[in-house]
1. Output yes when any residue across the range 175-185 is modelled with pLDDT under 85 and part of a helix (DSSP H, G or I), and no when none is.
2. If I ask for residues that are among the aliphatic types (A, V, I, L, M) and free of Cβ contacts under 8 Å to residues at least 60 places away in the same chain, which ones from the range 104-122 would you list?
3. State which residue is farthest from L282 (Cα to Cα) when the search covers only the range 225-267 and only residues that are aliphatic (A, V, I, L, M) and out of contact with any helix residue (DSSP H, G or I) (no Cβ under 6 Å at 6 or more places or on another chain).
4. Which of the residues belonging to the range 277-303 are under 18 Å from V140 (Cβ atoms) and buried (at least 17 other Cβ atoms within 10 Å of the Cβ)?
5. Of the residues that sit in the range 236-276 and are of a type in the set (G, A, S) and loosely packed, with under 13 Cβ neighbours inside 10 Å, which one is nearest to G179 (Cα to Cα)?
6. Could you please give the count of residues in the range 239-271 that are among the hydrophobic types (A, V, I, L, M, F, W, C), under 18 Å from R195 (Cα atoms) and over 41 Å from the mean Cα position of the chain (by Cα)?
7. Surrounded by 16 or more Cβ atoms within 10 Å (Cβ to Cβ), of a type in the set (K, R) and closer than 19 Å to C166 by Cα: is that true of R184 in this structure?
Amino acid sequence: MRLTTIGTDRACSRISLASAVLATWLLAGCRSEAPPQPAPPAAAASPKPAASVASKDPANCPPDPREAALAEKAKAAQREMQERLAAQAREAAVAAEKVASAQQEVERSRAACQAGFALLFEGRAEPSVAGVGEIADQMVADWKGFRGVCLALVRGSTDRCGDDFCRRVGSFYLAARGGGRPGRFDEAACVREIRDEKACPWVRDAVAARAPDRCPKDPLAGPMCRALATLDAKQCGALRSSEMREGCTAEIARLSAFEAGGLDAIAKQLAPPDRALARTALGEVTACRELIDEKGSVEACVHRLTSANAKKPL
C-alpha cells in the first residue's frame, strides 16, 4: 500500500512539472515566433494536449498595451507632419501672391511714369493713367541744370524751371530759337545771383555799351560785368566761388559762340550739353532728351510711386 502511494505521488509530480513547462511555453508563444523547447521529463512523457497547439497563434493572443500606445504615437506624429506641411504650403502661397502683387504694382507704376514722361516731352496724355499730370510734375521736380533747360525748350517756357541756371540758360536758347538774338544781360538773373538791385542797372548799362570801365567795383558784380562786356572768360577768375567761376566761363563761351556763328556754332563747338540744346533750338525736338536719362528718370519715378503706395494703409 505504501509503495502504491509513493508511485502515485511521483506520477502526479511529473504531471505537474510537465503542465508548468507547457504553460510557460504557451505564454511565450504569444510573444515569440520560436518558443523555447521544454526539457523532456525524466520519466515517460505525459500525453500531449493536442488542443493547446492552436493557442500559439498571435491572433489569439491578448493585445499588448505598449504596442497600442506606440501605434497611437505614430498616428499623432503623422498628423502633426501633415499639418506642418499644409501650413508651409499656405505660407508659400501667400508669399508668392505678395511677390506677384508687388510685381504688378511695379509694372503699373512704370507705365504711369512712362506716361508722365510722354506728357512732358510729347504733350500726349494717356487717358488710362490717373494723376499723370501730378506724376509729371514730380518727375520734373528732380530735374536740375541742363535737364530742366531741355524741358523748357521742348515746352517753350521756363515756367517749369526749378533753379536759376535753368531759367537763365533756358531763356538764352528760347530767345535764340527762330533767329532771335539773346542779350548778354539778364536783369532778373542778375538780381537773383548778385542780390543787389542797385548794382544790376550799372551792370546792364556797362554791358550794353561794351564798356568794362563803367562796371561797378563790387567784388561780385564787377567781374561778371567785365566778363559780359568784353566776352573775356579770364575776367571770371576774379569771382569768389568755383561754382560761380565755372558758370561765368560757360556763359561767356555760349555768348561768344553765338555772336560768332549763331546756334550752328554752338551745336558744333561747345560741350555736349550745349550742343544738344542748340540742336533742339534749331528744330531737333528730341535732341536734348539724351540729357534727361529717360530710363533713370522713369526708374526714380517708379521707386517714388511704389514707396508711397507701400506706406498707404491697407
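1. So the first thing to find is which residues in the range 175-185 are modelled with pLDDT under 85, and the list is 178-185.
This time we only want the ones that are part of a helix (DSSP H, G or I), so: 178-179.
Scanning the range 175-185, I find at least one residue that is modelled with pLDDT under 85 and part of a helix (DSSP H, G or I), so the answer is yes.
2. From the range 104-122, those among the aliphatic types (A, V, I, L, M) are 106, 111-112, 115, 118-120; that's our starting set.
If the condition is that a residue be among the aliphatic types (A, V, I, L, M) and free of Cβ contacts under 8 Å to residues at least 60 places away in the same chain, then A111, A115, A118, L119, L120 are the ones that fit.
3. Applying the filter and picking the extreme gives M244.
4. Once the filter is applied, which keeps residues that are under 18 Å from V140 (Cβ atoms) and buried (at least 17 other Cβ atoms within 10 Å of the Cβ), the range 277-303 yields L277, T280, C288, R289, L291, I292, S297, V298, C301, V302.
5. Here is the first cut: in the range 236-276, the residues of a type in the set (G, A, S) are 237-238, 241-242, 247, 250, 253, 256-257, 260-262, 265, 267, 271, 276.
Then drop every residue that is not loosely packed, with under 13 Cβ neighbours inside 10 Å, which leaves 237, 241-242, 260, 271.
Details: G237: 32, S241: 34, S242: 33, A260: 14, A271: 21 Å.
Looking at the filtered set, the residue picked out is A260.
6. 1
7. Details: surrounded by 16 or more Cβ atoms within 10 Å (Cβ to Cβ): yes; of a type in the set (K, R): yes; closer than 19 Å to C166 by Cα: yes.
So R184 passes the test.
The values are calculated or read from the model by the stated rules, or taken from the named source; none is laboratory data. Values in this document were obtained by computation on a predicted structure and should not be read as measured data. Quick reminder, even Gly has a Cβ in these numbers, built from the backbone with ideal geometry, and neighbours come from all protein chains shown.
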